[in-house]
Amino acid sequence: MNRLTFKWIALASALLAPAMSYAEISCTREGLKAAADLYVAAQTKGDTSGLPLAMGLGYVENFKAMAINDGLIKKPMKIDHQMTLLDTATCQTYTQVMVSNPAEPYALGTRMRINHGLIAEIEMVWTTTGYWGFNIDNFLKYASSEDWGTIPAAKRDTRATLEAAATAYLDAFLEGKKDLVPWGYPCQRTEGGMYTGRGAATDSCDVGVPSGVNIANRHFVVDETIGAVIAFCTFGAGGPNGGSGSPDTHMFRVEGGKLRFVHTMTHLLQAAGPGRGAGQGKGGPGPGKGPAPNGKQ
């Protein structure tokens, strides 16, 4: 092999390397997991250069479209806990991330949609100290102790069952029709860090569910393999009579058609919500002074 031929082979390999590394991204569970792993690496470094982003990428934080370079995704974080849902039917991922850094703790959830091997959408809801119910120590403690593992194929609920369970729960907030919710026992809910369980067989997620609140603007990611469904939504419709319309996520684990675990995050300043002053987490800027992405105020 002469020197010129070798140089052309080396150049071709270099040009093909990015495409080959992105070739794993697809709508299979393995391909979606590869995408989620790339996101976690990007969030850890605060560097999105390793993400195969589509032209015209949609980037949204707390229900507001923005430039990705101004987003929280550009903030390096030491991630202490993560969990990912893989939705092969809609080619989406959802990754729950917890960061217990005392100076800047975060809980955040990131949804991605894959289109022909590229990331077409990134949507994030995040909370930190000063936001509704936030307590990262509690959230991390309870989330990391729960079993969200693979459910045997013969015992898995269908996609329709999972989405119906989440919908019934969210619908109950408006008219208080809690009898239509498939409550499981035990069921524990962690709301930003506030925990409803006592470790008893009778623990229920039917605790403190208000009525008269329209949980609106819903879209779902569903993973039948782990019995999980996440709803991106707003807590209130945001209209003149519709409440705050605060960005929110509700994630459910369903076993045998019944609710087992519920995780919620609401991007609502504690000072602006009911029970102000409750549920403060460690570190951070304090109530009413939540940090903007990249430390901007």
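Looking at region 27-156, the DSSP beta bridges with both ends there are about 85 percent antiparallel.
Which of rounded, prolate, oblate describes region 199-262, given a ≥ b ≥ c as roots of the alpha-carbon gyration tensor eigenvalues and a/c under 1.5 marking rounded, otherwise prolate only if a/b is larger than b/c? Because a/c hits 1.5 or more and a/b fails to exceed b/c, region 199-262 counts as oblate. Taking the DSSP beta bridges with both ends in region 165-272, the antiparallel portion is around 85 percent. Across region 31-39, coupling constants 3J(HN,Hα) worked out from phi with the 6.51/-1.76/1.60 Karplus curve, θ = phi - 60°, read x, 5, 4, 4, 5, 5, 5, 5, 4 Hz, and Gly and Pro carry x. Across the accessible surface of region 162-269, with the other protein chains kept in place and a 1.4 Å probe, carbon and sulfur atoms take up 51 percent. Under 1.5 on a/c is rounded, so check that first for region 114-268, then, if it is not, pick prolate when a/b is larger than b/c and oblate when it is not; a ≥ b ≥ c are the square roots of the alpha carbon gyration tensor eigenvalues. Rounded shape, in that the Cα axes give a/c under 1.5.
Sequence-distant contacts, meaning Cα pairs under 8 Å at least 6 residues apart, place the relative contact order of region 98-221 at 21 percent. For Gly176, the residues whose amide H sits under 5 Å from its own are Gly212, ignoring neighbours fewer than 5 places away on the same chain, with H placed 1.01 Å from N. Residue separation of Ser211 and Thr150 scaled by 0.36 nm, minus their Cα-Cα distance, works out to 18.6 nm of gained length. The distance from the alpha carbon centre of region 40-101 to that of region 189-233 is 22 Å, rounded to a whole number.
Counted over all Cα-Cα pairs of region 92-166, pairs farther apart than 19 Å make up 56 percent. When the alpha-carbon atoms of region 34-190 are used, the pair Rg, Dmax equals 17.1, 48 angstrom.
Subtracting the Cα-Cα distance of Ala271 and Asp171 from their residue separation scaled by 0.36 nm leaves 33.4 nm. In the complete set of protein chains, residue-level accessible area for His219 is approximately 60 Å², probe 1.4 angstrom.
Computed over region 77-129, the P(r) curve from all C-alpha pair distances, binned at 10 Å from the origin, holds 24, 46, 24, 6 percent per bin.
Just so you know, the Rg over Rh for region 124-169 is 1.10, from Cα atoms, with Rh as the Kirkwood radius. Stretched out straight at 0.36 nm per residue, the stretch from Ala103 to Thr202 would grow longer than its current Cα-Cα span by 31.9 nm.
The values are calculated or read from the model by the stated rules, or taken from the named source; none is laboratory data. Quick caveat: nothing in here was measured; it's all calculated off a predicted structure. What goes into the accessible areas is simple: the full protein's heavy atoms, side chains included, and nothing from ligands, DNA or RNA. Shrake-Rupley method; radii C 1.70, N 1.55, O 1.52, S 1.80 Å.
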